[in-house]
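The values are calculated or read from the model by the stated rules, or taken from the named source; none is laboratory data. This one's a predicted model, so the numbers in the text were calculated from it and none came from an experiment. Cβ coordinates were reconstructed from backbone atoms using ideal geometry, including for glycine residues, and neighbour counts include every protein chain displayed. For the accessible areas, the whole protein counts, side chains as well, though only heavy atoms, and no ligand, DNA or RNA atoms are used. Shrake-Rupley method; radii C 1.70, N 1.55, O 1.52, S 1.80 Å.
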Amino acid sequence: MDHSRLITDLYKGLKKRPEVRAIIPMGYVPGYPVLAVKNDQLVAVVPFLRYKATGKVDQTIVFPIRYVMEYSIPEMQPVKFNDLSFSEEFADIDFDKGVGFFRHDAVKHLDRSAYAALRARVLAGFDMIAESLIDDKECADGAEAAFVKDLQMAVEPSLLVFYKALDNDFYRKYLK
């Protein structure tokens, strides 16, 4: 079975998936996923958050990650949904209050096409990591380091605390 575009295809098709359309409110978009192994099963933990345009350059408001869908990989079956506003761990978070602005400093220098290229590289990196975990093989030399660099550049700094809470192992390995 070809595992080369698992995460990219999942990510690009999320808005059309029936469970997302039924559960995730309009206006929420997927953030970068987290890959985790749970009970010897690879899952993609997909956070959903919203943005609010202000009309000012680099001042789009980033809101906290609120919803999370988990998918078994490679089957792409939804296995879990969570609304973080009901979680004790996030009791002090005001999900209606912005936590940062897009575009953050690491990506301000990128134009639209360069940012799209960064996103494509990040998703391809997720594909590579997923494939290496499924096939139990090492990533090509330097490929994982390039993925880490791109992911750290792409993820909104104001969301890092949420990524850490979603999966501390993933956070330590790829985002810290």
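Summary table below
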read-out: Distance (nanometres) between label positions extended 7 Å along Cα→Cβ at Q59 and N168; value: 3.9 nm
read-out: Selected from S132, G98, S113, residue furthest toward positive end of dipole (the range 94-176; charges at beta carbon); value: G98
read-out: For the chain, built as a Gaussian network whose Cα springs stay under 10 Å, the top-fluctuating residue of A22, A146, A44; value: A22
read-out: 10 Å Cβ shell holding at most 14 others, DSSP loop, GluC sites (Glu not before Pro): longest site-free stretch of the chain; value: 1-74
read-out: Protection-proxy order for peptides 121-130, 149-158, each taking the mean of Cβ atoms within 10 Å per residue, highest first; value: 121-130, 149-158
read-out: Prolate/oblate/rounded label for the range 129-176 (Cα gyration tensor, a/c 1.5); value: oblate
read-out: Probe 1.4 Å, protein heavy atoms only - accessible area per residue of the chain in square angstrom; value: 56 Å²
read-out: Cα-only Debye scattering, the chain: base-10 log of I(q)/I(0) at q = 0.12, 0.14, 0.15 Å⁻¹; value: -0.55, -0.77, -0.89
read-out: Sulfur and carbon atoms: percent of accessible area, the range 1-140 [1.4 Å]; value: 51 percent
read-out: Inter-site label distance for S87 and V161 at 7 Å from Cα along Cβ, in nm; value: 1.4 nm
read-out: Nearest-0.05 FRET efficiency for S72 and R21, computed from C-beta distance (R0 30 Å); value: 0.95
read-out: Spin-label pair S113/Q152, simplified geometry with 7 Å Cα→Cβ offset, distance in nm; value: 2.9 nm
read-out: Tally of Lys pairs whose C-alpha atoms are under 22 Å apart, taken over the chain, 8 or more apart or cross-chain; value: 27
